[in-house]
1. So, restricting to strands (runs of 3 or more DSSP E) that lie completely within region 42-91, which ones have at least 1 residues that are touching a residue at least 60 places away in the same chain (Cβ under 8 Å), touching a helix residue (DSSP H, G or I) at 6+ places or on another chain (Cβ under 9 Å) and over 24 Å from residue 128 (Cα atoms)?
2. Quickly run through region 92-101 and pick out the residues that are over 16 Å from residue 150 (Cβ atoms), in a strand (DSSP E or B) and either without any contact (Cβ under 8 Å) to a residue 12 or more places away in the chain or within 16 Å of the chain's Cα centre (by Cα) (or both).
3. May I ask you to verify whether residue 30 is without any contact (Cβ under 8 Å) to a residue 12 or more places away in the chain and either surrounded by fewer than 20 Cβ atoms within 10 Å (Cβ to Cβ) or part of a strand (DSSP E or B) (or both)?
4. Take region 107-122 and flag every residue that is surrounded by 18 or more Cβ atoms within 10 Å (Cβ to Cβ) and either touching a helix residue (DSSP H, G or I) at 6+ places or on another chain (Cβ under 7 Å) or without any contact (Cβ under 8 Å) to a residue 40 or more places away in the chain (or both).
5. Does residue 37 fit the bill of being farther than 18 Å from residue 152 by Cα, outside any strand (DSSP E or B) and either modelled with pLDDT of 95 or more or out of contact with any helix residue (DSSP H, G or I) (no Cβ under 6 Å at 6 or more places or on another chain) (or both)?
6. Can you tell me which of (1) at pLDDT below 80; (2) touching a helix residue (DSSP H, G or I) at 6+ places or on another chain (Cβ under 6 Å); (3) not in a loop (DSSP other than H, G, I, E, B) is the one residue 131 doesn't meet?
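The values are calculated or read from the model by the stated rules, or taken from the named source; none is laboratory data. Because the structure is predicted, anything quoted here is derived from the model rather than measured. All Cβ positions, even for glycine, are placed from backbone atoms using ideal geometry, and neighbour counts span all protein chains on display.
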């Protein structure tokens, strides 16, 4: 059984609408996340809106177990909050059940000044099963350092781009 919530926050010197557009563009994740190998789906080079689905190919754990998770946008309030959910299998045995994961981004005006955003990322994972959950899953959903690193990498990537360029850079060839 697993029921965990992992929260990380940071301030980004951009307005909430710009931060939302960047964070909700799936193609931006691969460059910042050490877990994401690739993103597949339609229009992943722009913000994913309510009902949109896309596949995140993740490399989990030291054994480099690859898992494909299909995320669905379940909440989309630009500049306020955005949420996605997935239910990947806990293992290759269907009897082990599924892990339910929600990822939520919340945006607020930063107390540090105008034009800055306090971004909070919350990942909640629940697994009601009794079978042992693979360590790669457990470690992914409980690693605070990785969560902080991901947000910092996304912030740094966003700040390296000119203002107004908040979605993904167009794909080459």
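1. Passing ranges, in order: 81-86.
2. Initially, region 92-101 is screened for residues over 16 Å from residue 150 (Cβ atoms), giving 92-100.
When the remaining residues are screened for being in a strand (DSSP E or B), the result is 98, 100.
Correct list: 100 only.
3. yes
4. 107, 117, 119, 121
5. For residue 37, the condition - farther than 18 Å from residue 152 by Cα, outside any strand (DSSP E or B) and either modelled with pLDDT of 95 or more or out of contact with any helix residue (DSSP H, G or I) (no Cβ under 6 Å at 6 or more places or on another chain) (or both) - is not met.
6. Every condition holds for residue 131 apart from (3).
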